[in-house]
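Okay, so here's the structure we're looking at.
The values are calculated or read from the model by the stated rules, or taken from the named source; none is laboratory data. A quick note: this is a predicted structure, and the numbers were derived from the prediction, not measured. Cβ: placed from backbone, ideal geometry, glycine included. Neighbour counts: every protein chain shown. Accessible surface is based on the protein model in full, side chains and every heavy atom, while ligands, DNA and RNA are left aside. Shrake-Rupley method; radii C 1.70, N 1.55, O 1.52, S 1.80 Å.
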Amino acid sequence: MGKIIGGESPINMEEPLSPAARLFQTRRFNCNIIAIIGCKITINSNVIKAGLEHTLIKHPRFSSLMVTNKSGGGMRWTPTNVNLEDHVITPNVDPNMGSPDQFIENYISNVTKTSLDYCKPLWDIHILNLKTSEAESTAIFRFHHSIGDGMSIMSLVLAGTRKTSDPTALPTIPIKKRKRSSNSNNSNRLIKLVSCLWFILQVICNTLVDVVMFIATTTFLRDTKNPLKDAPKTELNPKWFVHKTVSLDDIKLVKNAMHMTINDVILGVTEAGLSRYLNRRYGDGDGEEDAAKQKRNNLPRKLRLRAALIFNIRPSMAIEALADMMERKSKTKWGNYISFVLLPITIALRDDPLDYVRNAKAIVDRKKRSLEAKCTFLTAKIIVKLLGAKVAAAISHRVVSNTTMSFSNMVGPADEISFYGHPMAYLAPSVYGHPHALTVHFQSYMNMMTISLGVDIEAVPDPHQLCNDLAESLKLIKDAAIKTGIAKESV
C-alpha cells in the first residue's frame, strides 16, 4: 500500500480552470509536457518518492484533481490526497538487453500512446534503471499542459534539485545582464529621444504586419507542402523523442565572435540543420549517394516554412521563489503564460555557413521589435472567455496546422545538479499533443546544449539523422568562424 499524502495548503483551495488550462483540455490541443532526465547513478525510487513528498506534492496543481462542475459548464481544480505509488512507475527491465538506447526511445514513445488518468493528479514519472550510452539510469517526467506552462513546470522541477557540489544550494541559472546607460549630455539625450521614437514606430509597424500575417495564417496562408508536414492528424499520433548533446562552449564561441546572442546562434544552427536535412529528403529516390545529394541543391524554390516559436510572456519564475513556495507553502504566481509567434525559417544551401546565423539574427531582432506574442496571448484569452475553449482551440489548431514546426529553448543550470541525490547527466524536455510533426527544443545544462526533438515518425522517419545534421551544422558554423579569423579555437 502506497503512502497517502494530503494536499492541504492555504493556496490549493478549489479553483476554476484558467482559460489556457481549458484550452489544453480540448481534443485538438490535449498537450503533455515530457522531461527526460539522465542520471549518473542508479535511481532509488524510494528516495525519489521521499523527495517528491517534500517538494512537488506541496504544489497545489500536483495534488489536485481536475473535475467538472456538477452544475455543468466549467471545470475546477479540487485538492486530493496523493498516492505516490500511482505516480512513480518503476518497470522491471533487463539490465543486460542488447539495445538499451533503443528500448528507452520505444518506451517513451509508448508512453505517448497512453493518457493520464483523470482520477488522480495529472502527472507521473517513469524510472528506468537501464544503462545507456549517456546515463546509468533514466527518469521520464510527464505533466499535463493544463497544470502550467513548460517554463513554470521545468523551473519547479529544478527548484527540487540541488547543486552536486553543495547539497544545500539551489541551481544557478544564468541571467542576462542588462547594460546600464551612463549619464549623457543634452545632445546624447536628443539622439536617445529620436532613437526611442524610431523604436516605437518600428514596434507599431512590425506588430501590425505580424497581426495581419497571423490573421492570414488563420484563414488561408499555409506553409509550402514539405516532408515535415506529411503526417495527417499528427496531434493524435504517437511521438518519438531523440536528443543529441553538443558543446555550449562552441555556441558561445560563435556568439562572442559575431557579437550576437545564444538565441541567434541556435536559430541559425536550426536553419542550417533543417536545410541540410530537407535537401537530402528532397533528393531521395534519385539513386545518388548521400554525399552527392548534399552537394547538389535539391530544394524547391520559394519554400515557405515557419515555426511556432513558444514564447514566455513573463519573466522566468525564480527558482528560489518556487523552492520557498514548496517548503513554506507560500503563494506565487502560477499558470500558463505562454504565447507563440510565427517565425520564418529560411531553407537554403549557403556558401558561407555564417550567413545562417546572420539571417537568424535579423529575424530575431525584428521579432523583438513586435508585440505579436502579447497580442496572440490576449486574443486567445478573450476568445476562450467569450466563445469558449473549443472555438479557441479550433483557431489555434488552424494556425499551428498551417505552419510546419514548433521551436523553443530554455536556459538550464550552470553547475552540475542532483535530482533528489542523483547527479544528472542531461535534461531533454519536449511536448506532444499539438498539430506539429516536429518540435525542436534547445536545453542548456552546465557546458552542454541538448538538442531535443519530438517527431512524428510518419513525417520524420529518421530523427537521429536530423539530430546529426543539426550538430554538424554547428560544427560547420564554428569552423567557418575560426577560418575567417573572427574567432579563435579554444585550447
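At-a-glance table
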| quantity | calculated |
| --- | --- |
| Qualifying residues in segment 117-127 (those that are in contact (Cβ under 8 Å) with a residue 60 or more places away in the chain and more than 20 Å from the chain's Cα centre (by Cα)) - the one surrounded by the most Cβ atoms within 10 Å (Cβ to Cβ) | Pro121 |
| Subset of segment 229-243 [surrounded by 12 or more Cβ atoms within 10 Å (Cβ to Cβ) and either at pLDDT below 95 or closer than 22 Å to Ser401 by Cα (or both)] | Lys229, Asp230, Ala231, Pro232, Thr234, Glu235, Leu236, Asn237, Pro238, Lys239, Trp240, Phe241 |
| Matching residues in segment 139-159 - criterion: being in contact with a helix residue (DSSP H, G or I) (Cβ under 7 Å, 6 or more places away or on another chain) and either without any contact (Cβ under 8 Å) to a residue 24 or more places away in the chain or in a loop (DSSP other than H, G, I, E, B) (or both) | Gly148 |
| Residue list for segment 95-138, restricted to those being of a type in the set (Gly, Ala, Ser) and either part of a loop (DSSP other than H, G, I, E, B) or within 30 Å of Pro60 (Cβ to Cβ) (or both) | Gly98, Ser99, Ser115, Ser133, Ala135, Ser137 |
| Complete set of residues in segment 230-253 that are in a helix (DSSP H, G or I) and not acidic (Asp, Glu) | Thr234, Leu236, Leu248, Ile251, Lys252, Leu253 |
| Residue satisfying all of: in segment 366-414; of a type outside the set (S, T, N, Q) and assigned to a loop (DSSP other than H, G, I, E, B); farthest from Ile33 (Cα to Cα) among these | Arg369 |
| Residues (part of a loop (DSSP other than H, G, I, E, B) and either free of Cβ contacts under 8 Å to residues at least 60 places away in the same chain or aromatic (Phe, Trp, Tyr) (or both)) located in segment 336-349 | Tyr337 |
| Enumeration of residues in segment 350-363 that are assigned to a helix (DSSP H, G or I) and either among the polar types (S, T, N, Q) or open to solvent by 40 Å² or more (accessible area, probe 1.4 Å) (or both) | Asp355, Arg358, Asn359, Lys361, Ala362 |
| Matching residues, segment 61-83, being touching a residue at least 60 places away in the same chain (Cβ under 8 Å) and either open to solvent by 10 Å² or more (accessible area, probe 1.4 Å) or outside any helix (DSSP H, G or I) (or both) | Arg61, Met66, Arg76, Trp77, Thr78, Pro79, Thr80, Asn81, Val82, Asn83 |
| Residues located in segment 219-228, provided they are under 13 Å from Thr403 (Cβ atoms) and open to solvent by 30 Å² or more (accessible area, probe 1.4 Å) | Arg222, Thr224, Lys225 |
